[in-house]
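Trainee: Structure incoming, see below.
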Amino acid sequence: MKIFSNFKKKRISIRKATVFLRRAVSDDSSDTDELKSWIVHALESPYWEVKNIAVKLVRIYRFQSFLSKIESILTDKDEKGFIRRNAADTLKVLGNASPDVIAALRAGLKDSYWEVRTHSALAIAEIASPDQELESQIIQMLMRPNWKKYRSYPIWRPINRLYKELNFEVRAAYASALGTVMTSRDNLKIFKFLLKDDYWKVRVSALESFFKVADRLHLDENKQRSYLNEFDTTCTDFKPLSPVKISLQKVVAEKQEDKPVFSEDS
Amino acid sequence: MLYHLMNYLLEKYDYLTYLRLFNYITFRAIWSAITAFVVSIALGPTLIRYLKSKNATDVPWKDGMVNTEGKTGTPTMGGVLVLGSILLSTILWCNLSNRFIQILILALIWFGALGFLDDYLKLKLDSKTGLKEYYKLGGQAFFGLILGIIYFHPALSPIDPNSAGKLFIPFLKTPIANLGIYYILFIILTVTSISNAVNLADGLDGLAIAPVIFIAGVFGIFAYVIGNYKLAQYFLFDFFRGSGEIAVFALGMLGAGIGFLWYNAYPAQIFMGDTGSIGLGGLLSVIAVLIKQEFLFVIAGGIFVIEAFSVLIHKYIFIPRIGRRLFFRTPFHLSFQHRGLAETKVVIRFWIVAAILALIALSTLKIR
């Protein structure tokens, strides 16, 4: 009987949490005070699903008052992976780059769950500033210690001899983060490897980051071009374009602007 | 129909000896495949136009926004085409007095109707769920129960009811167990799991239909061997009289599948919907049960097994209990898309794997 009553309690809590989430997603105006007081209790809930929704709501409504609680959730290894991941994402959206937030994100970079590492790195990419310590930490987590000995991307040797981080999603996020935090020209060589990564998502992140860093460090054009020559432009994906839908989109857009469908401009 | 007609003509006019050709399973199986293929190709455009006229599609233009990517605007319920082609070729080429075929026709109608209802509710109610999960499972399990009862009924069973409870696995020539009446539970489990596995895999253009084609071919060959006394003895299978007729049905599935792939290949002009995925999954499961090669599906249908297990492990263990992901995304094919592989690449690689698994499954004919 106790099992059933616990199950019923859990279902009711989750249902209530889902109602708040649906209202938030559908942009329905909610009573902020009621919501905040619910979030205070929900962040201490024994049900991880309810806690997870509470963290998401803090992100959606950007409640800065819960910042320290979100930091502690991110660094709490006993929390479920999804909650820690959403906590990292929430810190990114809240946009507060205080030392405590950066410290929490640094702890997130070492998390055992890959989604937490990814979102922590993406949060750093979004909110952090150039920081030598962060740069060193990210490089240490990304590459094996002997990476600088490699002259170019290894063809014959297995890739895990170069990278410590084997998850491509995390590598792509680390590459994005490096674009924000890199301060040293000595570590630029890392882009020679990232721009040739096996996964195109990592290469794209690395390309965008490289040019951010190049601007910040005032790299000359020849140097930038030499790195660009390393970039592998092959891709295993493509964006399909439906010519019929593109035409429909054009017509709909013009109609919405009250333009005539056929005009000299279009 | 043609089988019965030609046999009638042969009896009446015994000089028409060439009509004996219609008694050969191999001849009828090949022409069943060709008929189903031709019917699919011929009726495809008409069905596509009809489904569009009935708004059996997602609208690409909503709330002033046009979705230029994605699959909106493509008609669903294309399973009607596949199942209709199979039914037509079965009626034309199969021996309709054969109990195996009668059971398969019943399965086609049952699972086709279940899938059709699911698709219809999704479109009518404009919802993503359609028929509730427990109704779907209940419908599949109910047919499994009926099949089990037929299997053990002395008057209705297509095989010797004393052999009905035997459990065979690939590579072993003798059954590993005789479950007796509890075999009915095993049948229910087989039917629900295979039917749902195909349903889960149907997510990309051409992803589900090609493995179904390969599996139908494999089961067709096994059915032919098991239904031929000399071959069954040679390959050390239990002989089931009349089961060779399943090969005609299975090759009809193969032909219908290839015809459907004509329109379903990327970028798809039509989707099979749940009508097709539940229907075809149900048929494959019933064939597996009828020829007692349920575990062969684990090899031949390995793609579907992996997809189903990935969803089960993720949805019921990792996410609710552990609160994190194991795979990037599930069903498993979505993980490959998430890693940055184009849809077409994922589909073709899955076809390659499905073909290799089919070959391995065929090799178990000899490795016993």
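The values are calculated or read from the model by the stated rules, or taken from the named source; none is laboratory data. This one's a predicted model, so the numbers in the text were calculated from it and none came from an experiment. No Cβ is skipped: glycine too gets one built from the backbone with ideal geometry, and neighbour counts run over all protein chains shown. Side chains are part of the model used for accessible areas, which takes the heavy atoms of the whole protein and leaves out ligands, DNA and RNA. Shrake-Rupley method; radii C 1.70, N 1.55, O 1.52, S 1.80 Å.
Trainee: Assess whether B:Leu334 counts as being within 14 Å of chain A (Cβ to nearest Cβ), not in a helix (DSSP H, G or I) and not aromatic (Phe, Trp, Tyr).
Mentor: No: the conditions fail for B:Leu334.
Trainee: Sticking with this structure for a sec: If a residue has to be among the polar types (S, T, N, Q) and either within 14 Å of another protein chain (Cβ to nearest Cβ) or buried (at least 16 other Cβ atoms within 10 Å of the Cβ) (or both) to count, how many in segment A:67-95 make the cut?
Mentor: Summing the residues that are among the polar types (S, T, N, Q) and either within 14 Å of another protein chain (Cβ to nearest Cβ) or buried (at least 16 other Cβ atoms within 10 Å of the Cβ) (or both) in segment A:67-95 gives 3.
Trainee: Going residue by residue through segment A:221-241, is there one that turns out to be open to solvent by less than 60 Å² (accessible area, probe 1.4 Å), farther than 18 Å from A:Ile139 by Cβ, at pLDDT 90 or above and touching a Lys or Arg at 6+ places or on another chain (Cβ under 7 Å)?
Mentor: Yes, there is a match, as at least one residue in segment A:221-241 is open to solvent by less than 60 Å² (accessible area, probe 1.4 Å), farther than 18 Å from A:Ile139 by Cβ, at pLDDT 90 or above and touching a Lys or Arg at 6+ places or on another chain (Cβ under 7 Å).
Trainee: Take the conditions open to solvent by less than 30 Å² (accessible area, probe 1.4 Å), in contact with a helix residue (DSSP H, G or I) (Cβ under 8 Å, 6 or more places away or on another chain) and within 16 Å of A:Ser205 (Cβ to Cβ) and apply them to A:Leu134. Does it pass?
Mentor: Numbers: open to solvent by less than 30 Å² (accessible area, probe 1.4 Å): yes; in contact with a helix residue (DSSP H, G or I) (Cβ under 8 Å, 6 or more places away or on another chain): yes; within 16 Å of A:Ser205 (Cβ to Cβ): no.
For A:Leu134, the condition - open to solvent by less than 30 Å² (accessible area, probe 1.4 Å), in contact with a helix residue (DSSP H, G or I) (Cβ under 8 Å, 6 or more places away or on another chain) and within 16 Å of A:Ser205 (Cβ to Cβ) - is not met.
Trainee: Still on this structure: Which one is most open to solvent (accessible area, probe 1.4 Å) among residues in segment B:337-368 that are part of a helix (DSSP H, G or I) and within 11 Å of chain A (Cβ to nearest Cβ)?
Mentor: If we take residues in segment B:337-368 being part of a helix (DSSP H, G or I) and within 11 Å of chain A (Cβ to nearest Cβ), then B:Arg349 is most open to solvent (accessible area, probe 1.4 Å).
Trainee: Separate question: Can you spot a residue in segment B:246-261 that is open to solvent by less than 10 Å² (accessible area, probe 1.4 Å) and either of a type in the set (Asp, Glu) or over 26 Å from B:Ile30 (Cβ atoms) (or both)?
Mentor: No.
Trainee: So which of A:Ser205, A:Ser184, A:Ser176, A:Ser209 ends up being over 26 Å from B:Arg329 (Cα atoms), small (Gly, Ala, Ser) and either under 18 Å from the mean Cα position of the chain (by Cα) or within 14 Å of chain B (Cβ to nearest Cβ) (or both)? Give the steps one after another, and end with the answer.
Mentor: On the way: A:Ser205 fails: over 26 Å from B:Arg329 (Cα atoms); A:Ser184 fails: either under 18 Å from the mean Cα position of the chain (by Cα) or within 14 Å of chain B (Cβ to nearest Cβ) (or both); A:Ser176 fails: over 26 Å from B:Arg329 (Cα atoms).
Every option except A:Ser209 fails the conditions.
Trainee: Yes or no: A:Ser112 open to solvent by 20 Å² or more (accessible area, probe 1.4 Å), under 16 Å from A:Ser184 (Cα atoms) and touching a helix residue (DSSP H, G or I) at 6+ places or on another chain (Cβ under 9 Å)?
Mentor: Working: open to solvent by 20 Å² or more (accessible area, probe 1.4 Å): yes; under 16 Å from A:Ser184 (Cα atoms): no; touching a helix residue (DSSP H, G or I) at 6+ places or on another chain (Cβ under 9 Å): yes.
No; evaluated as a whole, the condition is false for this residue.
Trainee: Somewhere in segment A:250-259, is a residue more than 28 Å from A:Leu122 (Cα to Cα), at pLDDT below 95, part of a loop (DSSP other than H, G, I, E, B) and more than 14 Å from every other protein chain (Cβ to nearest Cβ)?
Mentor: Of segment A:250-259, the ones more than 28 Å from A:Leu122 (Cα to Cα) are A:250-259.
This time we only want the ones that are at pLDDT below 95, so: A:250-259.
Filter again for part of a loop (DSSP other than H, G, I, E, B), leaving A:257-259.
Filter once more, keeping what is more than 14 Å from every other protein chain (Cβ to nearest Cβ): A:259.
Yes, that holds for at least one residue.
Trainee: What number of residues within segment A:187-202 are in a loop (DSSP other than H, G, I, E, B), within 14 Å of another protein chain (Cβ to nearest Cβ) and open to solvent by less than 20 Å² (accessible area, probe 1.4 Å)?
Mentor: Going through segment A:187-202 one residue at a time, the tally reaches 1.
Trainee: Could you tell me whether segment B:297-312 includes any residue that is under 30 Å from A:Ala87 (Cβ atoms), open to solvent by 40 Å² or more (accessible area, probe 1.4 Å) and not acidic (Asp, Glu)?
Mentor: Yes; the residues of segment B:297-312 include at least one that is under 30 Å from A:Ala87 (Cβ atoms), open to solvent by 40 Å² or more (accessible area, probe 1.4 Å) and not acidic (Asp, Glu).
Trainee: Can I ask one more? For segment B:8-34: of the residues being among the hydroxyl-bearing types (Ser, Thr, Tyr) and without any contact (Cβ under 8 Å) to a residue 12 or more places away in the chain, which is nearest to B:Val82 (Cα to Cα)?
Mentor: Per the stated criteria, the residue is B:Tyr24.
Trainee: May I pose another question? Can you tell me which residue among B:Trp110, B:Trp93 is touching a residue at least 40 places away in the same chain (Cβ under 8 Å), under 30 Å from B:Ser53 (Cβ atoms) and touching a Phe, Trp or Tyr at 6+ places or on another chain (Cβ under 7 Å)? Lay out the reasoning, then the answer.
Mentor: Values: B:Trp93 fails: under 30 Å from B:Ser53 (Cβ atoms).
Selected residue: B:Trp110, the only one of B:Trp110, B:Trp93 that is touching a residue at least 40 places away in the same chain (Cβ under 8 Å), under 30 Å from B:Ser53 (Cβ atoms) and touching a Phe, Trp or Tyr at 6+ places or on another chain (Cβ under 7 Å).
Trainee: Based on this model, can you work out whether A:Val244 counts as open to solvent by less than 50 Å² (accessible area, probe 1.4 Å), assigned to a helix (DSSP H, G or I) and not small (Gly, Ala, Ser)? Lay out the reasoning, then the answer.
Mentor: Values: open to solvent by less than 50 Å² (accessible area, probe 1.4 Å): no; assigned to a helix (DSSP H, G or I): yes; not small (Gly, Ala, Ser): yes.
In short, no.
Trainee: Is it the case that B:Ile221 is under 20 Å from the mean Cα position of the chain (by Cα), of a type in the set (A, V, I, L, M), under 30 Å from B:Asn264 (Cβ atoms) and buried (at least 24 other Cβ atoms within 10 Å of the Cβ)?
Mentor: The answer is no for B:Ile221.
Trainee: Can you name the residue in segment A:111-129 that is away from every other protein chain (no Cβ under 14 Å) and in a helix (DSSP H, G or I) and is also farthest from A:Leu217 (Cα to Cα) among such residues? I'd like the intermediate steps shown before the answer.
Mentor: Looking only at segment A:111-129, we keep the residues that are away from every other protein chain (no Cβ under 14 Å), and these are A:120-129.
Subsequent filtering for residues that are in a helix (DSSP H, G or I) retains A:120-127.
Working: A:Ser120: 24, A:Ala121: 21, A:Leu122: 21, A:Ala123: 22, A:Ile124: 19, A:Ala125: 17, A:Glu126: 19, A:Ile127: 19 Å.
Top of the filtered list is A:Ser120.
Trainee: Moving on. Residues B:Asp119, B:Asp126: which one is out of contact with any strand residue (DSSP E or B) (no Cβ under 9 Å at 6 or more places or on another chain), charged (D, E, K, R) and part of a helix (DSSP H, G or I)?
Mentor: B:Asp119
Trainee: Tell me whether segment B:202-210 contains one or more residues that are closer than 27 Å to B:Arg329 by Cα, in contact with a Ser or Thr (Cβ under 6 Å, 6 or more places away or on another chain) and not aliphatic (A, V, I, L, M).
Mentor: yes
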